[in-house]
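The values are calculated or read from the model by the stated rules, or taken from the named source; none is laboratory data. Remember, predicted model here, so these are calculated numbers, not experimental data. Neighbour counts run over all protein chains shown; Cβ positions are idealised from the backbone, glycine included.
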Amino acid sequence: MIDWKSPEVLAHCKEASGLFITIILGVYLCYFCLTLKDVELPLLRRNLRFSMIFIPYLIGRYSAAALSIIVAVWTHHDSIPLRVTIVRPLRSSIAHGIHLIWVKVLNSFTVIFSSMNISFRPLVLWKTVKPAWYFLLLLFLVHIGLGLAAGFAPKLEHRWGQVPDRGGPSRFAPGLPQIVLAFYIYTIFYDTILLVLTILGLSRENSARNSPLWIKLRIQGVQYLVAAMVVNIPMVVLGVLHLNSIMDLFFAAPGGILRRVHNL
């Protein structure tokens with residue numbers, strides 16, 4: 001039977017986690033650069049009129065970008081030359097565990113604003129049906145509240161990235177705070193409700209049922225929900241199992257980042 005808390009297994013887990021995060025960073029930064037032409041560049045060139053709806057889009061997008069960079073440097077900071085300017089303050093923050101505060105907050109912001117982007121459509125579609133609209137608003141506010149609580153949850157053990165020498169003592173955190181697990185479980189439920197109510201809301205409009213826009217929104221919604229499930233469910237399962245502190249967080253930052261790639 002595998003001893004998930006042994007120094008050898010922890011070393012392999014850290015190596016796998018670092019490789020996974022590096023791949024996700026490359027994918028997201030490529031996506032980020034390719035999609036600058038959709039919103040940011042038109043806004044800067046004044047070809048696109050600024051709207052309040054862009055605020056959650058931009059906050060979630062840049063939160064994911066900052067998160068991916070911090071986590072990548074955090075994972076590989078020992079192998080990056082000290083002369084690289086960005087590494088110096090990050091190494092200091094890593095030594096004091098300050099970087100984990102930013103990781104938690106940015107990850108929560110990424111998830112909150114990704115879901116917020118897809119919440120506007122059902123809110124508009126059901127605005128004439130007050131019980132449904134108030135139900136959606138309640139779910140929306142609870143999601144934000146849980147996300148903020150998870151982002152500012154008690155500090156995780158800052159030695160996550162420090163694998164003990166083989167044969168040495170193992171000192172790791174007792175697992176993810178319950179509020180963090182609750183947030184991701186609720187996010188799965190919330191995203192599913194948003195997709196269902198979006199499809200039902202569009203189905204109420206007879207003229208929209210066979211329109212290309214309706215079909216596109218339905219396909220995009222299903223793709224987003226599947227992507228969210230793929231990253232959220234493993235993260236919740238690993239958090240509950242608590243194999244070790246590295247596996248607890250294996251899908252946390254990558255999951256938040258991947259949500260942005262599939263965000264509508």
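Within region 227-242, can you find the residues that are in contact (Cβ under 8 Å) with a residue 40 or more places away in the chain and surrounded by 17 or more Cβ atoms within 10 Å (Cβ to Cβ)?
Scanning region 227-242 gives 228, 232, 235, 236, 239.
It is to be established whether one or more residues within region 140-150 are at pLDDT below 85 and under 22 Å from residue 242 (Cα atoms).
No, every residue in region 140-150 fails to be at pLDDT below 85 and under 22 Å from residue 242 (Cα atoms).
Quick check on region 12-61: of everything there that is surrounded by 12 or more Cβ atoms within 10 Å (Cβ to Cβ) and basic (Lys, Arg), which residue is nearest to residue 257 (Cα to Cα)?
61
Please work out if residue 50 is more than 25 Å from residue 247 (Cα to Cα), at pLDDT 85 or above and part of a helix (DSSP H, G or I).
So residue 50 does not fit the description; no.
Starting from residues that are over 12 Å from the mean Cα position of the chain (by Cα) and surrounded by 17 or more Cβ atoms within 10 Å (Cβ to Cβ), keep the ones in region 63-73 and report whichever is farthest from residue 252 (Cα to Cα).
Applying the filter and picking the extreme gives 73.
May I ask you to list pairs of residues, at least six apart or on different chains, whose Cβ atoms are under 7 Å apart, with the first in region 105-129 being outside any helix (DSSP H, G or I) and the second being hydrophobic (A, V, I, L, M, F, W, C)?
So the pair list comes out as 126/132; 126/133; 126/136; 126/197; 127/133.
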